[in-house]
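The values are calculated or read from the model by the stated rules, or taken from the named source; none is laboratory data. Owing to the predicted nature of the structure, the values given are computational and were not obtained by experimental measurement. Quick reminder, even Gly has a Cβ in these numbers, built from the backbone with ideal geometry, and neighbours come from all protein chains shown.
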Amino acid sequence: MYPEESELVDSIPKPEEMSPTKLLGGFISHDNCATANKTGIILGAKILQAGKDAGMSDRELVIYQGHCFHHLRNTWFEAIENFLTKKISDDLRDDLEEIPSFLRVAKSLGELLRQVDKEYSFTANYPKGSGADYADWKERYRPGKRYLPPIRVLGGNRQDSSFEGALPIYDGRADMMMFTNECLYSSDNLLQRCLFISFGSMEMIAVLRVASILHLAVVVPMRWMNTPS
């Protein structure tokens, strides 16, 4: 394709040089589920066998294998979110029993994030949400104030998104609650009633604070560490 670029042409492996043994000394990274683990073991064994068939020495027959840290991080933080959900559900069991079930008050970060995305996201198109009204309220009554937009989770999300999304809610909870309080004077929106109850819970505020700290202290550094690698 590029006959004048001799260095480029020389860097392209010749067909007879292509072999799975090129992977020896390398690292196989994969998901941490059973299927991915099994696939990694089979693939590693086939690469080693190809090296043996090619007459390579035992010193050369080395291949490393491990889990993708993006997958591991999400697995860890899914367990942490489940623990926090159980903790707050147990601590607030009596209070939750007094709240009508049709209000669907969130007990997990994931639930709360979806509700916040529906109600406050400026770009959300949820019919019963108030994103446009909230944007107007912020511009009118909070001009120039720091604003961290809610993360989008309605189209699907990773397990650690609950922790990424906690920080904007923790930081903007007071404004969200004030706006929602004003809305409830003139409407009976179930989503707004649900969020008003959640934002008024000291236990939920504590969960948001813990999740925000974990995101900044653990999730962000781990994402940075994985990306360059």
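Note on the stretch 123-167: residues that are touching a Pro at 6+ places or on another chain (Cβ under 7 Å) and surrounded by fewer than 18 Cβ atoms within 10 Å (Cβ to Cβ) amount to 2.
If the condition is being hydrophobic (A, V, I, L, M, F, W, C) and buried (at least 16 other Cβ atoms within 10 Å of the Cβ), then the stretch 105-122 contributes Val105, Ala106, Leu109, Leu112, Leu113, Val116.
So is Asp160 within 15 Å of the chain's Cα centre (by Cα) and not hydroxyl-bearing (Ser, Thr, Tyr) or not? So Asp160 passes the test. Considered as a group, the residues in the stretch 88-108 that are within 15 Å of Phe196 (Cβ to Cβ) and in a loop (DSSP other than H, G, I, E, B) include one that is nearest to the chain's Cα centre (by Cα), and that residue is Ala106.
Quick check on the stretch 48-69. Is at least one of its residues in a helix (DSSP H, G or I) and modelled with pLDDT under 90? Scanning the stretch 48-69 turns up at least one residue that is in a helix (DSSP H, G or I) and modelled with pLDDT under 90. Contact map, the stretch 51-69: first residue under 21 Å from Ser29 (Cβ atoms) and in contact (Cβ under 8 Å) with a residue 60 or more places away in the chain, second residue of a type in the set (A, V, I, L, M, F, W, C) and assigned to a loop (DSSP other than H, G, I, E, B), Cβ cut-off under 6 Å, separation 6 or more or different chains; the map is empty.
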